[in-house]
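What follows is one structure encoded as structure tokens, with my remarks underneath.
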Amino acid sequence: MNTTKAYKECITEMFKRVGLDFPNKELTDKPDWYSEYTWTMDEENSFMQWMENHLHTAHKMPRISARKETEWFILSYGWKIKY
């Protein structure tokens, strides 16, 4: 699996879901860029489902590995949850 390509595809989708284009140097140059935008828990769950399926189907990652990778991605880079 090409992790750089997979990462770029996933982060591009994450940005798209809050109305942004990736790359967005103005935003990602900030130290805590991932705290600049918010989404709902339902939006996060939808993205996580998309990412897990994408890694599994497009990058042939085993389902359990795709799930764990998605969880780590969200933990590290996910937008803040708005309540």
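Values quoted throughout were computed directly from the atomic coordinates according to the rules given, and no laboratory measurement underlies them. All values reported here derive from a predicted model rather than from experimental measurement. Methodologically, a virtual Cβ is constructed for each residue, glycine included, from the backbone with ideal geometry; neighbour enumeration extends over all protein chains shown.
Among the residues of region 2-32, those that are more than 20 Å from Glu71 (Cβ to Cβ) and of a type in the set (A, V, I, L, M, F, W, C) comprise Leu20, Phe22, Leu27.
Scanning region 15-58 for residues that are closer than 16 Å to Lys80 by Cβ, assigned to a helix (DSSP H, G or I) and not hydroxyl-bearing (Ser, Thr, Tyr) returns Phe15, Leu27, Trp33, Met41, Asp42, Glu43, Glu44, Asn45, Phe47, Met48. Checked against (1) more than 17 Å from Thr3 (Cβ to Cβ); (2) loosely packed, with under 12 Cβ neighbours inside 10 Å; (3) hydrophobic (A, V, I, L, M, F, W, C), Trp39 meets all criteria but (2).
Figure legend. Inter-residue proximity from region 15-26: first residues surrounded by fewer than 14 Cβ atoms within 10 Å (Cβ to Cβ), second residues of a type in the set (Phe, Trp, Tyr), beta-carbon distance below 7 Å, spacing 6+ or different chains. Indicated pairs: Val18/Tyr37; Val18/Trp39; Val18/Trp79; Asp21/Phe15; Asn24/Phe15.
In region 59-75, what count of residues is obtained for those that are within 10 Å of the chain's Cα centre (by Cα) and either surrounded by fewer than 12 Cβ atoms within 10 Å (Cβ to Cβ) or outside any helix (DSSP H, G or I) (or both)? Of the residues in region 59-75, 2 are within 10 Å of the chain's Cα centre (by Cα) and either surrounded by fewer than 12 Cβ atoms within 10 Å (Cβ to Cβ) or outside any helix (DSSP H, G or I) (or both). Among the residues making up region 51-83, a single one is aromatic (Phe, Trp, Tyr) and over 17 Å from Tyr37 (Cβ atoms): Trp72.
The C-beta contact set for region 62-78 (first residue free of Cβ contacts under 8 Å to residues at least 60 places away in the same chain and basic (Lys, Arg), second residue surrounded by 14 or more Cβ atoms within 10 Å (Cβ to Cβ) and assigned to a helix (DSSP H, G or I), distance under 7 angstrom, 6+ apart or interchain) comprises Arg63/His56; Arg67/Glu52. The set of residues from region 42-58 being surrounded by fewer than 15 Cβ atoms within 10 Å (Cβ to Cβ) and within 13 Å of Arg17 (Cα to Cα) comprises Asp42, Asn45, Ser46.
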